[in-house]
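These notes concern the structure reproduced below.
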Amino acid sequence: MQCVFGAWEAAYKAEGEEKTRAIESAQESLAFLEKQIAGKKYFGGEDIGFLDIAAGWIPHWLSVMEEVGGMKLLEAEKFPLLHEWAHNFIQIPLIRECIPPREKLLDYFNASISYMRSLATNKP
């Protein structure tokens, strides 16, 4: 999951042509995940499995990264199976109870991207 997150993180932080390349890379990782869930409700089949738990942050966190980064990665038309999985997963009461509030994630990612961009502009 780290290489998947790395591609998404690069996409939300980048600008210009670098952002375009990072978005393509991030969508390649989503395409891989889309293939893995084909024919199943969850990655574990009809029941939640280990990969569902490991990838469970995607529906909530990725939408915040998309908003802060001014991009769209998990498009329903392009990734219908992942989009449906995300909707199913986030509707589970225990999962919904454990996710952080969206506003706090927005604050975190806005601060993070501002900090990263300030570091880039202050390089000698």
>> For the chain, set up a GNM with springs between Cα atoms under 10 Å and report which of 27, 36, 91 has the largest fluctuation.
In response: 91
>> Just to confirm, what accessible area per residue do you get for the chain at 1.4 Å probe, in whole Å²?
In response: 60
> So what is the 222 nm mean residue ellipticity for the chain from helices alone, if each DSSP H run of at least 4 adds -39500 (n - 2.57) and you divide by all residues, rounding to the nearest 500 deg cm²/dmol?
Replying inline: -22500 deg cm²/dmol
> Could you give the distance between the Cα centres of segment 85-103 and segment 11-48, to the whole Å?
Replying inline: 19
> Modelled label-to-label distance, residue 28 and residue 53, 7 Å Cα→beta-carbon offset: nm?
Replying inline: 3.1
> Can you pull the three principal axis extents for the Cα set of the chain, in Å, largest first?
Replying inline: 53, 29, 23
>> Please report the carbon-and-sulfur percent of the accessible area for segment 1-122; probe 1.4 Å, protein heavy atoms only, DNA, RNA and ligands left out.
In response: 56
> Mind checking the angle between helix 2-13 and the chain's longest principal axis? C-alpha axes, 0 to 90 degrees, to the nearest 10.
Replying inline: 50
> Of all the stretches in the chain, which is the longest one without any exposed loop site, taking trypsin sites (Lys or Arg not before Pro) in a DSSP loop (any state but H, G, I, E, B) with at most 15 other Cβ atoms within 10 Å?
Replying inline: 79-124
> What range in the chain is the longest one free of GluC sites (Glu not before Pro) that are in a loop by DSSP and have at most 10 other Cβ atoms within 10 angstrom?
Replying inline: 78-124
> Tilt of helix 58-69 relative to the longest C-alpha principal axis of the chain, in degrees (0 to 90, nearest 10)?
Replying inline: 20
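The values are calculated or read from the model by the stated rules, or taken from the named source; none is laboratory data. Remember, it's a predicted structure, so these values are computed and weren't measured experimentally. A quick note on method: Cβ atoms are made from the backbone with ideal geometry, for glycine too, and the neighbour counts reach across all protein chains shown. Accessible surface is based on the protein model in full, side chains and every heavy atom, while ligands, DNA and RNA are left aside. Shrake-Rupley method; radii C 1.70, N 1.55, O 1.52, S 1.80 Å.
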